[in-house]
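What follows is a single structure, written as structure tokens, with notes after it.
The values are calculated or read from the model by the stated rules, or taken from the named source; none is laboratory data. What you see is a predicted model; the values in this text were computed from it and never measured. Here the Cβ positions follow ideal geometry from the backbone for every residue, glycine too, while neighbour counts run over all protein chains shown.
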Amino acid sequence: MMERIIKAILKSQNTPAIIKSRQRDLQILVDTHGISNVALATELKESSLKQYLREKKPRITAGLLAQAHAVFSSEEYLKASSK
């Protein structure tokens with residue numbers, strides 16, 4: 001029973017609408033910070049990042065976006081980018 005519940009929760013975290021929303025968020029980060037900086041913040045290669053942005057069903061995890069948001073909202077990044 002618990003296995004079914006956990007699988008349902010995980011499946012609901014990766015619906016097509018949520019995945020497309022993550023893709024839009026990633027594109028906004030690229031538009032704002034540049035592909036090189038987003039690649040560094042997500043620890044992805046630029047080619048992988050470009051592929052995620054053009055795929056119809058990209059496998060972008062919430063953790064990947066959280067990591068990038070943490071980098072770009074950090075005091076160190078904000079200080080360095082304002083120079």
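In table form, for the structure just shown:
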| item | result |
| --- | --- |
| Members of region 1-34 found to be at pLDDT 90 or above, more than 12 Å from the chain's Cα centre (by Cα) and under 30 Å from Leu78 (Cβ atoms), listed by number | Asp31, Thr32, His33, Gly34 |
| Whichever residue in region 33-83 is closer than 20 Å to Ile18 by Cα and of a type in the set (Ser, Thr, Tyr) and, among such residues, is surrounded by the fewest Cβ atoms within 10 Å (Cβ to Cβ) | Ser48 |
| Entirely in the chain, the helices (runs of 4 or more DSSP H) that have 1 or more residues that are in contact with a His (Cβ under 9 Å, 6 or more places away or on another chain) and of a type outside the set (A, V, I, L, M) | 16-33, 62-72, 75-81 |
| Subset of region 41-60 (residues that are free of Cβ contacts under 8 Å to residues at least 24 places away in the same chain and closer than 20 Å to Ser74 by Cβ) | Leu44, Leu49 |
